[in-house]
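In what follows, a single structure is set out as structure tokens and then discussed.
Readers should treat all values here as calculations from the given coordinates under stated rules, not as data from a laboratory. Since the structure is predicted, the reported quantities are computational estimates derived from the model, not experimental observations. Don't worry about glycine lacking a Cβ; one is built from the backbone with ideal geometry, like all the others, and counts go over all protein chains shown.
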Amino acid sequence: MGITSIGFILFIALAMILYYIVPGKMQYFILLGAGVVFYLTYGIKYVPFVLVNTVAVYAGARILGSRELKHRRPILVLVLLISLGMLAYTKYTNFILSALNSLMRSERFQMVELIMPLGVSFYTFMSIGYLLDVYWKKYEPERNFFKYATFVLYFPHIIQGPISRYNKLAPQLFERKTYDFQRMVSGGEQILWGFFLKLVIANRLDILVSNAFADYTSYAGVIWLVVLALYSVQIYADFMGCMEIARGVSLLFGIELEKNFDHPYFSKSIPEFWRRWHMTLGSWFKDYLFLPVSNSSFVKRTSKKLGKKYGPKARKNFISCFSVAVVWLATGLWHGAAWRFIAWGMYHGCLTIGSTLFEDKIKKLTKFLRIDTGTKSWELFQMMRTFLLCCLGRALFRAPSLREGLLIIKRLFMRPELWRLVDGSLFNMGLNRPNFALAMICILILWCVSMLQEKGSVRQMFNKQNLVFRFVVLYVAIFSVMIFGLYGPGYDASAFIYEQF
Amino acid sequence: MDKLKEVLSACCPNIDFENEKGLVSKKVIDSVDLVTLVSDIEDEFDITIPMEELVPENFDSLEAIWEMVQRLSK
């Protein structure tokens, strides 16, 4: 059941009715039931994975929470092996086999047909976060299995996140909720904005981007620059759209999910970009990988040795570079089992490390060049530089393979062919002139809304306006999504909206 | 407390540890500073700071760090 389908809307309506008519203590059972039904609609074959993971982590956390337990580490390792083992097996087995074949220059290992459980990367990370928090005694384990299962299977976050923390979400999941009209309106507006981002912007740009990547040798460097910029907008609108729908749906049930994006394309540096993009994943990696790695005895020992030999700066640089490299390798692998994801992770790792190592030198250089870094123009330059660096990385992220990704980057610099920008090439990639223009207008709307959001809540501003104005805007927005949204093959409206889709 | 002040100032010389009350929560120190501080405090006071203690409340001010050090020294 796709989250932009009519079926999903009906499912939400039914779940909401049940949620608000049952007694407060029973409400979480409705959420659990809805989570199970929602997950089952994608197929029963995924259920054993999520069930084993949930039972193992619940039981492991209960044992770890016991005061009589003397040897806690073996239990933690065992549960981590079960949870991460399932993730690794389903996601990385074929990648490892293929790498071994390449290494041995043979076809000794046959690829295995595997099921990739839906949302496995998300629920595994949420579960591991909970387990480690209990292990580190940050809070007590949940005693009620159904409550823990409600957290894992909470349907707005299980497929694409945000990666919620148990201690933050649980109090909201299990407290009594009453119907609140204003909250419903806010949730509805958020869902509508999510539909706009996903159906009108992301799905529209996907046509052009997919065509370009399917035939990467046909396009000049300057066209690739545009494609990569549009792909950067597409992936943002797509992911952000899903997050807005998920957070909006969650709000209908009175539960606020964590924010996953904070206008990342307004960032002035790569480290800032990663603090504003997929924030729950970033903070997960910081708490459960960066801190344990940088606090490990190996890093402490080595950094001290370096500090004694080369000074305190070298010590901090080692801690930062080593831990950042580990985190970025993991981030790359988390996104997918392919060399291009590892390369993309290392690319961002190098940029992050570079910005740490050369921070002082860059400051000195700007001072030497007498650049006034307090001006708006300098900020704009920094934002554009960050955006372009991200675009470059997207070539590796989206290309079918690492080799093709590198060839696209090569094309950017070796065959710019600037005149292609005005010879109509852009309109022969699946989007005709009117649709291209519509995409640009929608991106402009997204940009304006983002600018306003930087100053405060747009929804709060909007809800303060008079009723007639709000009704007109909402009607226009709903019909815009219905008319200009791309719903994919099988949906009648797409035939006249997009002939080539 | 003076010994702790010396350790903190040696690690992050540009930070006013005496007056700052939101070292971690206001991002005055970053994760790398935090880990370096932990390592130096462990050495100086011969204690082990476990992962569960790495929370903003324990590192937001000089007083909070001192309280944690005293607690772990017992």
For segment A:427-435, in residue order, the Karplus 3J(HN,Hα) values (coefficients 6.51, -1.76, 1.60; θ = phi - 60°; whole Hz; Gly and Pro = x) are 8, 9, 10, x, 10, 6, 3, x, 6
Segment A:348-483, relative contact order [Cα under 8 Å, separation at least 6], % | 7
HN-Hα couplings for segment A:249-262 via Karplus (6.51, -1.76, 1.60; θ = phi - 60°), in whole Hz with x for Gly/Pro, come out as 4, 4, 5, 4, 9, x, 10, 8, 7, 5, 6, 10, 9, 9
For a quick protection proxy, order the peptides A:174-180, A:58-64, A:335-341 by their average other-Cβ count within 10 Å, most packed first.
-> A:58-64, A:335-341, A:174-180
Gyration tensor on Cα atoms of segment A:6-178, a ≥ b ≥ c root eigenvalues, a/c under 1.5 rounded, else prolate if a/b beats b/c, else oblate, says oblate
Anything over 20 Å Cα to Cα? Flag those among A:Lys268/A:Lys300; A:Lys268/A:Lys367; A:Lys308/B:Lys26, in the order listed.
-> A:Lys268/A:Lys300; A:Lys308/B:Lys26
Go ahead and run the numbers for FRET between A:Val472 and A:Met111, Cβ-Cβ distance against an R0 of 56 Å, rounding to 0.05.
-> 0.50
Listed highest first by mean packing, meaning other Cβ atoms within 10 Å per residue, what order do A:199-209, A:391-401, A:474-484 come in?
-> A:199-209, A:391-401, A:474-484
Contact order normalised by residue count of segment B:2-73, Cα under 8 Å, 6+ apart, percent | 37
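Please give the net charge around A:Leu64, taking every other residue with its beta carbon less than 14 angstrom from that of A:Leu64, where Lys and Arg add +1 and Asp and Glu add -1.
On the way: positive: A:Arg62, A:Arg67, A:Lys70, A:Arg72, A:Arg73, A:Lys137, A:Lys138, A:Arg143; negative: A:Glu68, A:Asp133, A:Glu140, A:Glu142, B:Glu52.
With Lys, Arg at +1 and Asp, Glu at -1, the neighbours total +3.
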Just check chain A against the gyration tensor rule for me: Cα atoms, a ≥ b ≥ c as the square roots of the eigenvalues, rounded for a/c under 1.5, and otherwise prolate or oblate depending on whether a/b exceeds b/c.
-> rounded
Using 0.36 nm per residue of separation minus the Cα-Cα distance, give me the extension gain between A:Asp262 and A:Asn432 in nm, one decimal.
-> 58.0 nm
Cα centre as origin, Lys/Arg/Asp/Glu Cβ charges: segment A:50-204 dipole, Debye | 400
What is the dipole size for the protein assembly as shown, taken about its Cα centre, with +1 at each Lys and Arg Cβ and -1 at each Asp and Glu Cβ, in debye to the nearest 20?
-> 800
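Given R₀ = 51 Å, what would the calculated FRET efficiency be for A:Gln182 paired with A:Ala229, taking r from the Cβ atoms and rounding to 0.05?
Efficiency, rounded to the nearest 0.05: 0.85.
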